[in-house]
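Notes to accompany the following structure.
The values are calculated or read from the model by the stated rules, or taken from the named source; none is laboratory data. The shown structure was predicted, so the numbers you read here are calculated from the model rather than taken from an experiment. Every residue, glycine as well, gets a Cβ built from its backbone with ideal geometry; the counts of neighbours run over all protein chains shown. Heavy atoms of the whole protein, side chains included, go into the accessibility calculation; ligands, DNA and RNA do not. Shrake-Rupley method; radii C 1.70, N 1.55, O 1.52, S 1.80 Å.
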Amino acid sequence: GALVYQYPRRTICKSGTSMRMECQAVGFQATSVAWYRQSPQKTFELIALSTVNSAIKYEQNFTQEKFPISHPNLSFSSMTVLNAYLEDRGLYLCGARDPGGADTEVFFGKGTRLTVV
Amino acid sequence: SQWGEENLQALSIQEGEDVTMNCSYKTYTTVVHWYRQDSGRGPALIILIRSNEREKRSGRLRATLDTSSQSSSLSITAAQCEDTAVYFCATDATNTGKLTFGDGTVLTVKP
């Protein structure tokens, strides 16, 4: 079956420091990977959509300078939160799919919960 | 119902009851995804309905899609305690994996 492993599951970092999270796709080709942040109120914000061999598209209010993303192959993507502050807290999720596949399902990792102290 | 500026909805039912959650979307889509999210976990797809399907069933789940009104519903028959979760609808208007989520419904099933 298709799975996405995301790690770390949770992390605590000091204000102003950075942390990196990674997603590994198993059982399918993660041609596109979208990174989201979920607030404590459960709303989702799309940070960026990454497609292998294409430019990464960031949503409004999110920048490459703050959330650099790497998507070097069809099974791996990482995102870093640089200079994290309180407003960056939340559950970060990667959602991956293979647009060329027969289904349009997006597979999510279990999330990385970021706490900033 | 759930979308856009609406806040997270909450439903509380007794075990064995049926429940329906509604979702309306703003942009054209050919598929509506329904996800459930358990506490501390990422969303997991539970049913996906395409524009050429007015209804789709999977076990105790039933999804409907009305493209003319741009709305979808998810029904759970004979809810069980383990159905307690947050349920989201989501659309992928660009067919790129860029999902737009509804605000979600917190479903609590009491024994």
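Residues in the stretch B:45-89 that are small (Gly, Ala, Ser) and in contact with an Asp or Glu (Cβ under 8 Å, 6 or more places away or on another chain) were compared, and the one that is most open to solvent (accessible area, probe 1.4 Å) is B:Ala78. With respect to the conditions (1) away from chain B (no Cβ under 14 Å); (2) touching a helix residue (DSSP H, G or I) at 6+ places or on another chain (Cβ under 8 Å); (3) not basic (Lys, Arg), A:Leu114 falls short on a single one, namely (1). Kindly establish whether B:Glu17 is at pLDDT 95 or above and not β-branched (Val, Ile, Thr). When the stated conditions are applied, B:Glu17 passes them. Within the bounds of the stretch B:1-8, is there any residue that is open to solvent by less than 60 Å² (accessible area, probe 1.4 Å) and in a strand (DSSP E or B)? Checked the stretch B:1-8: no residue is open to solvent by less than 60 Å² (accessible area, probe 1.4 Å) and in a strand (DSSP E or B). Across the stretch A:1-42, the number of residues qualifying as polar (S, T, N, Q), closer than 21 Å to B:Phe101 by Cβ and under 13 Å from the mean Cα position of the chain (by Cα) comes to 3. Restricted to the stretch B:65-90, and to residues there that are β-branched (Val, Ile, Thr) and in contact with a Leu (Cβ under 7 Å, 6 or more places away or on another chain), the residue that is farthest from B:Thr30 (Cα to Cα) is B:Thr84. Scoring A:Leu91 on the criteria (1) within 14 Å of another protein chain (Cβ to nearest Cβ); (2) assigned to a loop (DSSP other than H, G, I, E, B); (3) touching a residue at least 24 places away in the same chain (Cβ under 8 Å) leaves a single failure, condition (2).
All but one of (1) without any contact (Cβ under 8 Å) to a residue 60 or more places away in the chain; (2) over 26 Å from B:Arg36 (Cα atoms); (3) touching a Leu at 6+ places or on another chain (Cβ under 8 Å) hold for A:Asn61, so report the exception by its number. It is condition (3) that A:Asn61 fails.
Need the failing condition index for A:Phe108 against (1) more than 27 Å from B:Gln9 (Cβ to Cβ); (2) open to solvent by 10 Å² or more (accessible area, probe 1.4 Å), just the number. With respect to (1) more than 27 Å from B:Gln9 (Cβ to Cβ); (2) open to solvent by 10 Å² or more (accessible area, probe 1.4 Å), A:Phe108 is out only on (1).
Selection over the stretch B:28-37 of residues that are part of a strand (DSSP E or B), among the β-branched types (Val, Ile, Thr) and touching a residue at least 60 places away in the same chain (Cβ under 8 Å) gives a count of 1. The single condition among (1) over 15 Å from A:Val4 (Cβ atoms); (2) of a type in the set (Val, Ile, Thr); (3) part of a strand (DSSP E or B) that A:Thr63 does not satisfy is (3).
Residues in the stretch A:24-40 that are part of a loop (DSSP other than H, G, I, E, B) and surrounded by 19 or more Cβ atoms within 10 Å (Cβ to Cβ): A:Phe28, A:Ala30, A:Thr31. Return the residues of the stretch A:72-89 that are open to solvent by 20 Å² or more (accessible area, probe 1.4 Å), over 10 Å from A:Ser15 (Cβ atoms) and not basic (Lys, Arg); say none if nothing qualifies. Within the stretch A:72-89, A:Pro72, A:Asn73, A:Leu74, A:Ser75, A:Phe76, A:Thr80, A:Leu82, A:Glu87 qualify.
From the set of residues in the stretch A:1-22 that are of a type outside the set (A, V, I, L, M), more than 10 Å from chain B (Cβ to nearest Cβ) and assigned to a strand (DSSP E or B), which is farthest from A:Asn53 (Cα to Cα)?
Looking only at the stretch A:1-22, we keep the residues that are of a type outside the set (A, V, I, L, M), and these are A:1, A:5-11, A:13-18, A:20, A:22.
Filter again for more than 10 Å from chain B (Cβ to nearest Cβ), leaving A:1, A:5, A:7-8, A:11, A:13-18, A:20, A:22.
Next cut, assigned to a strand (DSSP E or B) only: A:5, A:7, A:11, A:13, A:20, A:22.
Numbers: A:Tyr5: 22, A:Tyr7: 24, A:Thr11: 30, A:Cys13: 32, A:Arg20: 22, A:Glu22: 18 Å.
Selected residue: A:Cys13.
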